[in-house]
Amino acid sequence: MNQKQLYPEVASFLKMKIEELRSQRKRPLSLRALSVKCGIPSGRFTDLLHGRRPLSEFYAEKLCVGLKLNPPEQQKLNSLVTTASRKETRRTLNENELAVMSGWENFAILSLLKTKDIFVKPEQIAERLGITVERTQQCLEVLKSLNMISDHAGFFERTASHLTTTFGIPSEAIKNAHEAVLMKSSQVLRATTPEQRYYSSITFPFDMNNLGEAKKMIDEFRKKFSRRMELGKRKEVFNLSIQFFPYTELKGPSHE
């Protein structure tokens, strides 16, 4: 007996888009091929297609890329993400979680799982990130223990779409995380060509009274930039590090 269709709008939208894609092709397009194209386990893809599961931000992003949705279609699909799913897929990392997730590799793996590729073995992830299989397995175990990923029917899958940390609070774990990124950034600078990366800096006189506004502008740009750059055929994982710090010795008490 078929399960009740609990999310008919999601099912209707997906069926309409799939029929449209099939009409544009001369060869048959199976649901399994579409699930692979979207980077979604076939069972979950079928549940979404039949309205048996709520649509999360995580799977909405994968569908937007895999089904090649145009901007209006992306907006429509994102409007069908349930409120409960939005709450479930957003997560603020606490101090203990950040301490356990030391190193850039953990965050890189989480981003890699948002690309269109499907990963079923640690060796595949290790090859893409240029790290050892042993280190990859360590990271996967950490992410599993924190319930940030799951091994669903042989597929590694993110359980949280968006991760964030606390702001403006002194944190040794956050310092270590930033330091790991800076060290990796230095390695990438030496190992890549200018065509493969973009490093830039500017030095200028500054009024400390504008520091709050500067942080706000950078944060707004960072969010807008990531939303725009996550569209399209996502196959690689990049890091954007905006470094804004004083060269001069500041007068008075320092603040993190």
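The values are calculated or read from the model by the stated rules, or taken from the named source; none is laboratory data. Not measured: the values here are computed from a predicted model. Cβ placement follows ideal geometry from the backbone for every residue including glycine, while neighbour counts extend to all protein chains displayed.
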(message) Looking at (1) part of a loop (DSSP other than H, G, I, E, B); (2) modelled with pLDDT of 90 or more; (3) aliphatic (A, V, I, L, M); (4) touching a strand residue (DSSP E or B) at 6+ places or on another chain (Cβ under 9 Å), which one does Val120 not meet, given that it meets all the others?
(response) (2)
(request) Would you be able to say whether some residue in region 230-239 is at pLDDT 90 or above, among the β-branched types (Val, Ile, Thr), surrounded by 10 or more Cβ atoms within 10 Å (Cβ to Cβ) and farther than 27 Å from Phe58 by Cα? (result) no
(message) Show the residue pairs meeting these rules: Cβ distance below 8 Å; 6+ apart or different chains; first residue within region 124-144 and without any contact (Cβ under 8 Å) to a residue 12 or more places away in the chain and farther than 14 Å from Leu110 by Cβ; second residue assigned to a helix (DSSP H, G or I) and among the polar types (S, T, N, Q).
(response) Ala126/Thr136
(message) Just to be sure before I move on: is Arg25 assigned to a loop (DSSP other than H, G, I, E, B) and without any contact (Cβ under 8 Å) to a residue 60 or more places away in the chain in the structure I sent?
(response) yes
(request) Give region 192-229 a look and list any residue that's surrounded by 10 or more Cβ atoms within 10 Å (Cβ to Cβ) and hydroxyl-bearing (Ser, Thr, Tyr), or say none. (result) Thr192, Tyr199, Ser226
(request) Report whether or not Lys216 is part of a helix (DSSP H, G or I), without any contact (Cβ under 8 Å) to a residue 60 or more places away in the chain and closer than 30 Å to Leu67 by Cα. (result) no
(message) Being at pLDDT below 85, of a type outside the set (Val, Ile, Thr) and over 30 Å from Arg128 (Cα atoms) narrows it down to one residue among Leu163, Leu250, Leu211; which is it?
(response) Leu250
(request) Answer yes or no: is there a residue in region 133-143 that is over 13 Å from Val237 (Cβ atoms), in contact with a Ser or Thr (Cβ under 7 Å, 6 or more places away or on another chain) and either modelled with pLDDT under 85 or surrounded by 14 or more Cβ atoms within 10 Å (Cβ to Cβ) (or both). (result) no
(request) Could you grab the pairs with beta carbons closer than 8 Å, sequence gap of 6+ or different chains, first residue in region 198-213 and over 23 Å from Gln187 (Cα atoms), second one among the aliphatic types (A, V, I, L, M) and surrounded by fewer than 10 Cβ atoms within 10 Å (Cβ to Cβ)? (result) Met208/Leu250
(request) Look through region 84-103, keep the residues that are within 21 Å of Ile174 (Cβ to Cβ) and either out of contact with any Leu (no Cβ under 9 Å at 6 or more places or on another chain) or of a type in the set (S, T, N, Q) (or both), and return whichever of them is modelled with the highest pLDDT. (result) Gly103
